[in-house]
1. With N set to the number of residues, divide the alpha-carbon radius of gyration of the range 118-272 by 2.2 N^0.38 Å and report two decimals.
2. For Arg25 and Ser188 in one chain, what is 0.36 nm times their gap in residues minus the Cα-Cα distance, to one decimal in nm?
3. Just the number please: accessible area per residue for the chain, 1.4 Å probe, all protein chains included, in Å².
4. Please quote Rg/Rh for the chain to two decimal places, taking the Kirkwood radius as Rh and restricting both calculations to Cα atoms.
5. How do 206-212, 35-41 rank on mean C-beta neighbours within 10 Å, highest first?
6. Straight-line reach only, C-alpha to C-alpha below 18 angstrom: list the lysines that Lys36 could link to, leaving out same-chain residues fewer than 8 apart.
7. Any chance you could run the full-extension gain for Arg81 through Ala116? It's 0.36 nm times the residue separation minus the Cα-Cα distance, nm to one decimal.
8. Principal axis lengths of the range 90-164 from Cα atoms, whole Å, largest first?
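The values are calculated or read from the model by the stated rules, or taken from the named source; none is laboratory data. Note that the structure is predicted; figures quoted are calculated from it, not measured. For neighbour counting, all protein chains shown are included, and Cβ atoms are generated from backbone atoms with ideal geometry for every residue, glycine included. These accessible areas exclude ligands, DNA and RNA; they are computed on the full protein's heavy atoms, side chains included. Shrake-Rupley method; radii C 1.70, N 1.55, O 1.52, S 1.80 Å.
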Amino acid sequence: MPELPEVETVRRALAPWLVGRRVLRARRAQAPPGPKYAGLERAAGQRIVAARRRGKFLLLPLSGGDELVIHLGMSGALASRRPADHLRVVLELSGPPPRQLYFRDPRRFGRCLVVAAGDYRSLPALERMGPEPLGRDFTLARWCAALCTPTPIKALLLAQRAVAGVGNIYADEALWLARIHPARPSRSLSRDEARTLRRAIRRVLARAVAAQGTTLQDYRTPSGARGRFAPELAAYGREGEPCRRCARPIVKVVLAARGTCFCPGCQRRTAA
Ligand SMILES: [Zn+2]
């Protein structure tokens, strides 16, 4: 958390306000020195020319050839209202109020830094990121090629290289929708299963974007609203509750070091 739908919701909410404004000053608040907040001061004087998203990263290209890269980590949030605590970065902006963008990050997994546009050498996760699941590059051919590995399919989804933006929640949801056991080796999926899973990933993410994401605890949209996808969750967080397809209880195991929820009734370990 947050995953693609939550970051996309943040992007859409902030873009009309941010794009076109000049960064007057960018400063660390309670942010530790080091690479996670590198180069921030370089943003000063540059105009924000766009608000893009890549996987779970928010990218703000700047007029001077740099790019502000923001990752919300586990619990990061961007807002125009000053937070009471855990404030890491403040951007002071030109234009009418509100003129401050605040980055709050209680659990400190987030980052907010400036790089030369497109130079992600200090951000290997971004540099090696796979195709956007809702974009044209996420073709069936490319997806099938990425599945040619013994890595369990759940771990492959989380790794961001076969497809971008999927985290623990939407991986469990997509696998449930596609009826695929999360521990199966990726290369054991048939072409039909690969096609079904690709479709499930796109469908789950598109629906979650439309619902402005999933709020379980911390996540809020920049206006403070809760994401509305939580009631639609079929697997994630439903341990012990009946499967919505077959009524068997959803089980939770640890896979790729993450809690993983699935239905032992309709997500079989071996292909049907
Ligand atoms: Zn089931």
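1. Taking the Cα Rg and dividing by 2.2 N^0.38 Å, one obtains 1.04.
2. Fully extending the segment from Arg25 to Ser188 adds 53.5 nm.
3. For the chain, the solvent-accessible area averages 46 Å² per residue.
4. Here Rg/Rh amounts to 1.00.
5. The packing order, highest mean first, is 206-212, 35-41.
6. Lys56
7. That works out to 9.8 nm of additional length.
8. The principal-axis extents, from largest down, are 50, 29, 22 Å.
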